[in-house]
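Below is one structure, written out as structure tokens; comments come after it.
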Amino acid sequence: MATVTILHISSYATTSTLLTADFVSDVLRSIPRVFFQSTRSIGRQITTRHRSPLKQRNLKQESAKHLNGVLILGPAAYRDPQRVNIGMDKAMEFFNWVQLHFDLPHTEMTCKEMACVLARGNRPEKLWYFLKEITTRERDVGVKLVTTNSVTCLIKVLGEEGLVNQALALFYRMKQYHCKPDVYAYNTIIYALCRVGNFKKARFLLEQMELPGFRCPPDTYTYTIFISSYCKYSQQTGCRKAIRKRLWEANHLFRIMLFKGFVPDVVTYNCLIDGCCKTNRIERALELFEDMKKRGCVPNRVTYNSFIRYYSAVNEIDKAVEMLRRMRKMNHGLATSSSYTPIIHAMCEAERVVEARDLLVELVDGGSIPREYTYKLVCCAMKSAKEGNLLDDEFHERIKGGIDDRYKQVKKLKPIMVQKMVEDHGVVFQTA
């Protein structure tokens, strides 16, 4: 179906007025969504967020497993290599066909989209050859086709695909393409290295940026990447020694950041506070919270949610409620389901059913709809405490209507949720 679509586009584009750089870019940008996505990804939400692999991928090993019929884990688990090859061949065919038949000169945007297709297809050898060919073509047309922005975008795509070594190789090849890396290129490759836990090479690049007179000195975002990655990676290891080491390095970088005159923003504070709360270092988290207010950095909902989750997990429910009230009083964020849910769960476990019910009513009156599990948990807790009449029928209908609307929105993207909706609603509202 996708092949017929691209061939139809090729046959339909009979005039040069239809073929513009934006049109060619849109066609190339649609190929990964059609050919490279697995059947499990059909109907997923179109979003900029992407969960990258946590380790460097081995493409040769994945290819050998596919030939031998061995189970493949990771991003290539449900990909069809034959469809991927067809998609890349059709993309390259369309890219060359546009220039040969319509004399449409390729721009930096079209070349970048074609290179992104090769990167998302996990074919670094073809990517190197394509970039070399485009760089050679620059001398004939006299237009810059490979820019720093293009290479940085490719580094980001390779990092998202788990090909961090290839992204690092592309970063060092920027000089061959007559490009000079800027601070955004450094931040992109540093984030890709930290994502897979390669802090040694990431720190080497940071030390290079910190050299006196260096062309691309680090900024606040550079240090925020390290602080966030140290906190997240320490929690993923599960080793107490690694947790202590990574958190010490995160706090050490934070102090270096302040010593050099950088002003941390709310994202930097949130990363460090969340890491401290999740590793039971509440004293340090409160110290950062006070320092945050002294420096004039206004906390937001993410900041308060870190404390709310910690206090709810350690059964200090009153302090969690106090944080929730303070956030609403200071107007530092809109309390949503993510703020109420940990407290409601903790109250149900502590058999404080009436207070859990009051928070649930407050959540719904604020315009939010609780998750199905949270609603079911409160209903079960009231039933166990023989307080089933605390919520009237009108309130149940409001929640039921909100959950129905939520499922209808998801149902537009994932029709498979229709059966799930019927089953879940039968369980949840029967309990109510």
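Is it possible to state the helix-based mean residue ellipticity at 222 nm for the chain, with each DSSP H run of 4+ residues giving -39500 (n - 2.57), the sum divided by total residues, to the nearest 500 deg cm²/dmol? What is it? Let's see the in-between values first.
On the way: 21 runs with 296 residues, N = 432.
Dividing the helical sum by the residues of the chain leaves -22000 deg cm²/dmol.
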Semi-axes (Å, rounded, descending) of the ellipsoid equivalent to the chain per its C-alpha gyration tensor are 45, 32, 19
Accessible area (Å², per residue) of the chain, counting only protein heavy atoms and a probe of 1.4 Å
55
Average Cα contact separation per residue, the chain, under 8 Å, 6 or more apart, as relative contact order %:
9
For ASP182 and PHE102 in the same chain, what is the full-extension length gain: residue separation times 0.36 nm, less their Cα-Cα distance, in nm?
25.2 nm
At a 10 angstrom cut-off on C-beta neighbours, averaged per residue, how do the peptides 172-178, 373-379, 283-289, 90-96 rank from highest to lowest?
373-379, 90-96, 283-289, 172-178
Most fluctuating residue of CYS297, CYS153, CYS276 in a GNM of the chain with Cα springs under 10 Å: which is it?
CYS297
With label points built 7 Å along Cα→Cβ from the Cα atoms of ASP219 and LYS55, find their separation and express it in nm.
3.5
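Report the extension gain between GLU387 and VAL361 in nm, rounded to one decimal, defined as 0.36 nm multiplied by the number of residues separating them, less their alpha carbon distance.
In short, 7.9 nm is gained.
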Cα Rg, Dmax (largest Cα-Cα span) when computed across segment 99-190, Å:
12.8, 42
What residue among ILE273, ILE189, ILE403 shows peak mean-square fluctuation when the chain is described by a Gaussian network model with Cα springs under 10 Å?
ILE403
Eligible lysines near LYS241 by straight Cα distance, threshold 16 Å, same-chain separation 8 or greater:
LYS232, LYS278
Cα to Cα, under 19 Å, and not fewer than 8 places away if on the same chain: which lysines meet these conditions relative to LYS90?
LYS112, LYS126
Treat each spin label as a single point 7 Å out from the Cα along the C-beta direction, and report the VAL298 to VAL354 distance in nm.
3.7
Using alpha-carbon coordinates, inclination of helix 2-12 to the longest axis of the chain, degrees
50
Going by average Cβ density within 10 Å per residue, which order do the peptides 391-397, 217-223, 72-78 take, highest to lowest?
217-223, 72-78, 391-397
Angle in degrees between helix 21-31 and the longest Cα principal axis of the chain, rounded to the nearest 10
60
Cα gyration tensor shape for segment 200-312, rounded if a/c is under 1.5, else prolate or oblate
oblate
Cα axis of helix 59-68 to longest principal axis of the chain: angle in degrees, 0 to 90, nearest 10?
90
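The values are calculated or read from the model by the stated rules, or taken from the named source; none is laboratory data. Bear in mind the structure is a predicted one, so any value in this text is a computation, not a measurement. Virtual Cβ from ideal backbone geometry, glycine too; neighbours counted across all protein chains shown. For accessibility, only protein heavy atoms count, side chains too; no ligands or nucleic acids. Shrake-Rupley method; radii C 1.70, N 1.55, O 1.52, S 1.80 Å.
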